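Peer 1: Provided herewith is a single structure, encoded as structure tokens, for subsequent inquiry.
Rule-based calculations on the coordinates, nothing more; no lab input. Fair warning: this is a prediction, and the values are worked out from it, not measured in the lab. We place every Cβ from the backbone using ideal geometry, glycine too, and count neighbours over all the protein chains shown.
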Amino acid sequence: METKKVTASDAIDPRLVPQRTLRGGGKMPGIGMGTFGSDRFSAEQIAEAVKGAAEVGFRLFDCASVYGNEHLIGEVFEDIMKTGITREELFITSKVWNDMHGKGDVLLSCAKTLKDLKLDYIDLFFVHWPFPNFHPKGAAPDYHNADARPYIQEEYMETWYQMERLVKAGYVRYIGSSNMTVPKLKLVLRDCTIMPAANEMELHPCFQQPELFQYCFDNGIQPIGFCPIGSPTRPDRDKTPDDVVDIQDPIVAKIAKAHNVHPAIICIKWAVQRGQTPIPFSIYRNEYASNIRCTVEDLLTDTEMKELAAADKNCRLIKGQVFLWDGANTWEDLWDLKGVITK
């Protein structure tokens, strides 16, 4: 429960935001604030946006060590909690990066994130990518790591078992997967002791991933959707000529006109009402305030939701080509499009 009334004129009551029930009964807000923007914005700008987002009602913040801003966001979390918002009201996620999958490294990664975020525990901790293929910050589209290798189930589970240790030790409440596929998740569910509570994945009207989305729901895994409006500020390395633009999609644009809102708002409404938890990012207060407000007012109709289902173009924006290994053909090899894990 809130311990101090929110007073910002553009704020909403966080208790009105739809909630997701995680495995075991824990609650998570149905919308969060992303913090990845290091290719376009400074860490200081992003930290300031986190502060503003808490003021307007956000309580879920999606962080990651590789974003390079957790140390500043941690200072903001301290400031947020001085306003009367308790730690229990916040839901904070982070992720272990690809160069920290080795034995003991996951524990070190978590320890650094806890120190940087100035927290005693993380609510949800993800394995950021399912293979330890590293790329440096700002890598070019054609970057290739000669040591990169395909998904190896035994290696992933060594990483996952370290994640489980974090839960048992009380450093994290839940653990999750990210950038996974159905074939990979099937193996993880077969071999794990603690099930993933959530899977972070690319989700927007023009890339709905219906099979993976449904697989997650069928197995009690909450989908968290990044790039919810099609990520117009994503890194240049992730842009290709064939990409579609969600906010220009005719169906999205038509519904936006009917609601007299920006098409981005329709993308977010659709995501929340579909059942995933979108994590839109913006450094602009008017945008992130609108992002959370739209989840509690002027909802989409069932007819509009059905129309938006037809907007799916199967257009993946974050292709991950910088993680390819020797012998891989294209970025599609990362995503097991034939239903089996690509070797």
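Peer 1: Compute the signed sum of charges (Lys and Arg +1, Asp and Glu -1) over the other residues within less than 13 Å, Cβ to Cβ, of residue 328.
Peer 2: Neighbour charge sum, excluding residue 328 itself: -1.
Peer 1: For the range 9-18, what does the Karplus curve 6.51 cos²θ - 1.76 cosθ + 1.60, with θ = phi - 60°, yield as ³J(HN,Hα) per residue in whole Hz, taken in order and with x for Gly and Pro?
Peer 2: With the stated coefficients, the range 9-18 comes to 5, 9, 8, 10, 6, x, 6, 7, 5, x Hz.
Peer 1: How do 290, 109 line up, fewest other C-beta atoms within 10 Å first?
Peer 2: 290, 109
Peer 1: Which pairs, out of 95/137; 27/112; 51/137; 186/343; 82/168; 82/118, put more than 18 Å between their alpha-carbon atoms?
Peer 2: Working: 95/137 16 Å; 27/112 25 Å; 51/137 25 Å; 186/343 16 Å; 82/168 29 Å; 82/118 13 Å.
Too far apart for the 18 Å limit: 27/112; 51/137; 82/168.
Peer 1: Expressed in nm to one decimal, what extension gain is obtained for the pair residue 152 and residue 329 from 0.36 nm per residue of sequence separation less their Cα-Cα distance?
Peer 2: 62.0 nm
Peer 1: Starting from one equal scatterer on each C-alpha and no solvent at all, send me the Debye-based log10 I(q)/I(0) for the range 157-236 at q = 0.11, 0.20, 0.23 Å⁻¹, two decimals.
Peer 2: -0.33, -0.89, -1.05
Peer 1: May I ask for the net charge around residue 235, where only other residues with Cβ less than 9 Å from the Cβ of residue 235 are counted and Lys, Arg are +1 while Asp, Glu are -1?
Peer 2: +1
Peer 1: Take every DSSP beta bridge whose two residues both sit in the chain, then give the antiparallel share in percent to the nearest 5.
Peer 2: Numbers: 4 of 27 bridges.
Bridges in the chain that DSSP calls antiparallel: roughly 15 percent.
Peer 1: If I build a Gaussian network model for the chain, linking alpha-carbon pairs within less than 10 angstrom, which residue out of 319, 118, 137 has the largest mean-square fluctuation?
Peer 2: 137
Peer 1: Just to check I understand the Karplus step: with θ = phi - 60° and J = 6.51 cos²θ - 1.76 cosθ + 1.60, what whole-Hz values come out for the range 307-322, glycine and proline as x?
Peer 2: Using θ = phi - 60°, the values come out as 4, 5, 4, 7, 7, 4, 10, 6, 9, 6, 9, 8, 7, x, 4, 5 Hz.
Peer 1: Less than 14 Å Cβ to Cβ from residue 27, Lys/Arg counted +1 and Asp/Glu -1: what total charge do the surrounding residues give?
Peer 2: +2
Peer 1: Taking θ as phi - 60°, what are the ³J(HN,Hα) couplings along the range 207-219 by the Karplus curve (6.51, -1.76, 1.60), each to the nearest whole Hz, with x for Gly and Pro?
Peer 2: Values, residue by residue: 8, 9, 6, x, 5, 5, 4, 5, 4, 4, 4, 5, 10 Hz.
Peer 1: Please check: in the Gaussian network model of the chain (C-alpha springs, under 10 Å), which one of 25, 68, 102 has the largest mean-square fluctuation.
Peer 2: Ranking 25, 68, 102 by mean-square fluctuation puts 25 first.
Peer 1: Could you put 50, 261, 340, 17 in order, starting from the residue whose Cβ has the fewest other Cβ atoms within 10 Å? Don't skip to the answer; put the middle values down first.
Peer 2: Numbers: 50 25, 261 16, 340 9, 17 20.
Final ranking by Cβ density, sparse to dense: 340, 261, 17, 50.
Peer 1: Here's something else I'd like to know. Per DSSP H run of at least 4 residues, take -39500 (n - 2.57); add these up for the chain, divide by its residues and hand me the 222 nm value, nearest 500 deg cm²/dmol.
Peer 2: -10500 deg cm²/dmol
Peer 1: If you don't mind, there's one more thing I want to ask. Could you pull out every residue, at least 5 positions away or on a different chain, whose amide H is within less than 5 Å of the one on residue 20? Hs are placed 1.01 Å off N in the peptide plane, and Pro or chain starts have none.
Peer 2: It is 28, 30, by chain and number.
Peer 1: In debye, nearest 20, what is the charge dipole magnitude of the chain about its Cα centre with +1 on Lys and Arg Cβ and -1 on Asp and Glu Cβ, if you could check? Intermediate results must be reported in sequence, preceding the final value.
Peer 2: Values: 39 positive and 47 negative charges, 119 e Å.
The dipole magnitude comes to about 580 debye.
Peer 1: Just the C-alpha atoms of the range 247-302: what Rg/Rh do they give, with Rh taken as the Kirkwood radius? Don't skip to the answer; put the middle values down first.
Peer 2: On the way: Rg = 10.7 Å, Rh = 11.5 Å.
Checking Rg against Rh, the ratio lands at 0.93.
Peer 1: Of the options 305, 203, 167, report the single residue whose Cα projects farthest towards the positive end of the charge dipole of the chain (beta-carbon charges: Lys, Arg +1; Asp, Glu -1).
Peer 2: 167
Peer 1: OK, next. Starting from the amide H of residue 172, placed 1.01 Å from N in the peptide plane, find each other amide H under 5 Å away whose residue is 5 or more places distant or on another chain.
Peer 2: 122, 167
Peer 1: 7 Å from Cα along Cα→Cβ at both residue 239 and residue 142: what's the point-to-point distance in nm?
Peer 2: Each label point is offset 7 Å from its Cα along the Cβ direction, giving 1.9 nm.
Peer 1: Per residue, how much space in cubic angstrom lies within the convex hull of the C-alpha atoms of the chain?
Peer 2: Roughly 127 Å³ of hull volume per residue.
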